[in-house]
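In what follows, a structure is listed as structure tokens, so that the remarks can point back to it.
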Amino acid sequence: MKKSKFFLLVAAAACLVACGGKKGGGMNFGDNEFPVQTVGTSSATSETTYPASIKGVQDVEIRPKISGFITRVNVHEGQAVSAGQVLFVLDNETYQAAVRQAEAAVNQAKAAISTAEAQMATAKLTFDNSTELHKNGVIGDYELQAAQNTYNSAMAQVNQAKAALQQAQAGLSSARENLSFCYVKSPASGVVGSLPYKVGALVSAQSTPALTTISNISTTEVYFSVNEKDMLEMTKNSGGINAAVNSFPPLRLKLPDGSIYAHQGRVVKVSGLIDSGTGSVSMIAHFPNPEHLLKSGGSGSIIVPRQNGSAIVIPQACVSEVQDKKFVYTVGADNKVKYTEITVSPQNDGVNFVVTGGLNVGDKYVTNGLTKLSDGMEIVPITQEQYQKKIDESGKIGTDGTAKGFVDAMTGKK
């Protein structure tokens with residue numbers, strides 16, 4: 001009895017195969033039944049990338065204020081330095097001699113003041129005595145006037161000596177300042193850049209390139225440009241440039257090796273002018289750089305997220321690609337399919353496409369079985385639920401679509 005039942009099942013399976021049972025994902029539920037979806041809208045986040053250049057929040061070129069030969073280089077490239085730290089020492093023998101000479105001039109001026117003050121004291125004493133003698137009628141007006149003139153001259157010499165001292169002191173200050181310029185110090189804290197000059201090189205304030213550059217890279221400025229159209233759209237939507245800056249979403253930075261920088265940045269400045277040559281607007285974003293991974297002079301790409309609340313999003317599985325062009329099968333009112341080219345956003349999540357052209361809300365498109373379709377073919381549309389139900393039911397016959405699978409399903413074998 002069991003053998004008879006088995007042969008009946010085999011016969012039924014053979015009949016099923018003979019009537020058109022097929023394999024795999026191409027199982028036909030009907031020769032022209034295909035799942036169809038209607039185009040709607042949903043929220044989607046897209047991304048726009050812009051080339052960017054990186055600079056320290058403060059890049060200071062270091063140049064000497066005086067000419068001289070480098071006698072010592074106290075730092076190395078990439079070293080962190082603090083404000084006031086000595087970076088280079090220039091030959092200072094000449095300037096030290098100038099300081100000694102200025103010091104001597106100051107001492108000489110001080111001695112001249114002492115001599116003039118002594119002479120003035122003597123002249124004053126003579127004048128005072130002459131005044132008393134004149135009162136008593138011992139000397140006449142001429143002698144009194146001569147004593148007064150001598151006293152006035154002595155006071156003038158004292159004032160002249162004091163002026164000379166001030167001039168000598170100014171010369172000493174200048175000489176000391178010039179000597180201090182031989183010790184080239186960092187005006188700010190940061191990281192030392194390249195060092196193009198070595199010990200023995202003759203440098204001056206006009207030297208090109210600079211001795212080095214000190215970059216404060218605790219925070220970096222990332223420069224990028226957006227086109228005029230994007231800037232106009234952002235300004236209109238936000239109500240002005242300042243509002244656009246304040247409402248700008250957090251930015252990400254893509255590094256040259258393709259990795260995404262760990263910290264997000266914020267736009268802090270927008271140029272008020274459009275570059276007539278490029279038609280773009282310059283923007284500056286600040287990125288924190290606690291690990292000092294970003295270096296001044298580096299490059300990357302700014303990633304700007306854009307939220308679209310009315311985007312057309314379709315699965316990538318229902319899109320075919322031919323020679324870098326993308327197509328879907330749309331379904332007309334007569335249930336005939338049309339091979340329709342679409343355009344999509346270059347950024348995607350690997351599962352869905354954001355359609356930018358070729359489809360409108362309300363259009364219908366085929367989601368599965370694309371390889372069985374041809375342009376102009378008439379189909380019977382079914383819903384995704386119907387499609388899934390038929391797949392589930394087909395699994396009861398056999399996962400391999402063969403007579404053996406059918407017999408195994410009927411007999412309970414696995």
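The values are calculated or read from the model by the stated rules, or taken from the named source; none is laboratory data. Keep in mind the model is a prediction, meaning the values are calculated, not measured. Heads up, the Cβs are rebuilt from the backbone with ideal geometry, glycines too, and the neighbour counts pull from every protein chain shown. For the accessible areas, the whole protein counts, side chains as well, though only heavy atoms, and no ligand, DNA or RNA atoms are used. Shrake-Rupley method; radii C 1.70, N 1.55, O 1.52, S 1.80 Å.
Which numbered condition in (1) modelled with pLDDT of 90 or more; (2) farther than 30 Å from PHE287 by Cα; (3) surrounded by 11 or more Cβ atoms within 10 Å (Cβ to Cβ); (4) within 41 Å of the chain's Cα centre (by Cα) is the only one that GLY332 fails?
(4)
In the stretch 33-45, which residue that is surrounded by fewer than 16 Cβ atoms within 10 Å (Cβ to Cβ) and at pLDDT below 90 is farthest from ASP334 (Cα to Cα)?
THR45
Quick one: TYR339 ticks every box in (1) at pLDDT 90 or above; (2) surrounded by 17 or more Cβ atoms within 10 Å (Cβ to Cβ) bar one, so which box is it?
Of everything listed in (1) at pLDDT 90 or above; (2) surrounded by 17 or more Cβ atoms within 10 Å (Cβ to Cβ), TYR339 misses just condition (2).
Just checking, which of GLY20, GLY84 is surrounded by fewer than 13 Cβ atoms within 10 Å (Cβ to Cβ) and modelled with pLDDT under 80?
After ruling out the rest, the residue left standing is GLY20.
When you go through THR356, THR371, THR278 one by one, which is the residue that is within 22 Å of VAL245 (Cβ to Cβ), open to solvent by 80 Å² or more (accessible area, probe 1.4 Å) and modelled with pLDDT under 90?
Among THR356, THR371, THR278, only THR278 is within 22 Å of VAL245 (Cβ to Cβ), open to solvent by 80 Å² or more (accessible area, probe 1.4 Å) and modelled with pLDDT under 90.
Looking at ALA147, is it closer than 30 Å to ARG100 by Cβ and open to solvent by less than 50 Å² (accessible area, probe 1.4 Å)?
no
Report yes if some residue within the stretch 88-104 is among the polar types (S, T, N, Q) and under 30 Å from GLY298 (Cα atoms); otherwise report no. Break it down stepwise before answering.
Step one: filter the stretch 88-104 for residues among the polar types (S, T, N, Q), giving 92, 94, 96, 101.
Subset that is under 30 Å from GLY298 (Cα atoms): none.
Scanning the stretch 88-104, I find no residue that is among the polar types (S, T, N, Q) and under 30 Å from GLY298 (Cα atoms), so the answer is no.
Name the pairs whose Cβ atoms lie under 6 Å apart, with the first residue in the stretch 130-147 and without any contact (Cβ under 8 Å) to a residue 24 or more places away in the chain, the second not in a helix (DSSP H, G or I), and 6 or more positions between them or separate chains?
Pairs that qualify, where the first residue is without any contact (Cβ under 8 Å) to a residue 24 or more places away in the chain and the partner is not in a helix (DSSP H, G or I), are LEU133/ILE139.
Return the residue satisfying two criteria in turn: it lies in the stretch 234-257 and is modelled with pLDDT of 80 or more and within 18 Å of PRO305 (Cβ to Cβ), and of such residues it is surrounded by the most Cβ atoms within 10 Å (Cβ to Cβ).
Top of the filtered list is LEU253.
Just give me the residues in the stretch 153-184 being among the small types (Gly, Ala, Ser) and open to solvent by less than 70 Å² (accessible area, probe 1.4 Å), in sequence order.
Those that are among the small types (Gly, Ala, Ser) and open to solvent by less than 70 Å² (accessible area, probe 1.4 Å): SER153, ALA154, ALA156, ALA161, ALA163, ALA164, ALA168, ALA170, GLY171, SER174, ALA175, SER180.
So, VAL158, is that one of a type in the set (A, V, I, L, M, F, W, C), more than 30 Å from ALA123 (Cβ to Cβ) and in contact (Cβ under 8 Å) with a residue 12 or more places away in the chain or not?
Against the criterion (of a type in the set (A, V, I, L, M, F, W, C), more than 30 Å from ALA123 (Cβ to Cβ) and in contact (Cβ under 8 Å) with a residue 12 or more places away in the chain), VAL158 does not qualify.
Name the residue, out of GLU132, GLU177, GLU143, that is touching a helix residue (DSSP H, G or I) at 6+ places or on another chain (Cβ under 8 Å) and of a type outside the set (A, V, I, L, M, F, W, C).
GLU143
Being in a helix (DSSP H, G or I), at pLDDT 80 or above and more than 30 Å from LEU373 (Cβ to Cβ) is true for just one of THR94, THR71. Which residue is that?
THR94
Residues in the stretch 269-292: is at least one touching a strand residue (DSSP E or B) at 6+ places or on another chain (Cβ under 7 Å), basic (Lys, Arg) and under 24 Å from ILE214 (Cα atoms)?
yes
Which residue, of VAL138, VAL158, VAL191, is β-branched (Val, Ile, Thr) and under 30 Å from LEU90 (Cβ atoms)?
Going through VAL138, VAL158, VAL191 in turn, just one is β-branched (Val, Ile, Thr) and under 30 Å from LEU90 (Cβ atoms): VAL191.
Of the conditions (1) open to solvent by less than 50 Å² (accessible area, probe 1.4 Å); (2) touching a Ser or Thr at 6+ places or on another chain (Cβ under 9 Å), ILE70 clears all except one; give me its number.
(2)
Under the condition of being touching a His at 6+ places or on another chain (Cβ under 8 Å) and of a type outside the set (S, T, N, Q), which residue from the stretch 185-233 is surrounded by the fewest Cβ atoms within 10 Å (Cβ to Cβ)?
Taking the candidates together, the pick is LEU195.
Go through (1) open to solvent by 40 Å² or more (accessible area, probe 1.4 Å); (2) modelled with pLDDT under 80; (3) more than 30 Å from ILE312 (Cα to Cα) one by one and return the number of the condition ALA13 breaks.
Tallying (1) open to solvent by 40 Å² or more (accessible area, probe 1.4 Å); (2) modelled with pLDDT under 80; (3) more than 30 Å from ILE312 (Cα to Cα), ALA13 fails exactly one: (1).
Where in the stretch 264-323 are there strands (runs of 3 or more DSSP E), lying fully within it, with 3 or more residues that are in contact (Cβ under 8 Å) with a residue 40 or more places away in the chain and closer than 17 Å to ASP230 by Cα? Give the derivation first.
Numbers: elements: 266-270, 280-288, 299-315, 320-322.
So the answer is 280-288, 299-315.
Can you find even one residue in the stretch 46-62 that is basic (Lys, Arg), in contact (Cβ under 8 Å) with a residue 60 or more places away in the chain and surrounded by fewer than 17 Cβ atoms within 10 Å (Cβ to Cβ)?
No, the stretch 46-62 contains no residue that is basic (Lys, Arg), in contact (Cβ under 8 Å) with a residue 60 or more places away in the chain and surrounded by fewer than 17 Cβ atoms within 10 Å (Cβ to Cβ).
Which one is nearest to VAL281 (Cα to Cα) among residues in the stretch 219-264 that are out of contact with any Leu (no Cβ under 6 Å at 6 or more places or on another chain) and aromatic (Phe, Trp, Tyr)?
Only one residue fits best here, namely PHE224.
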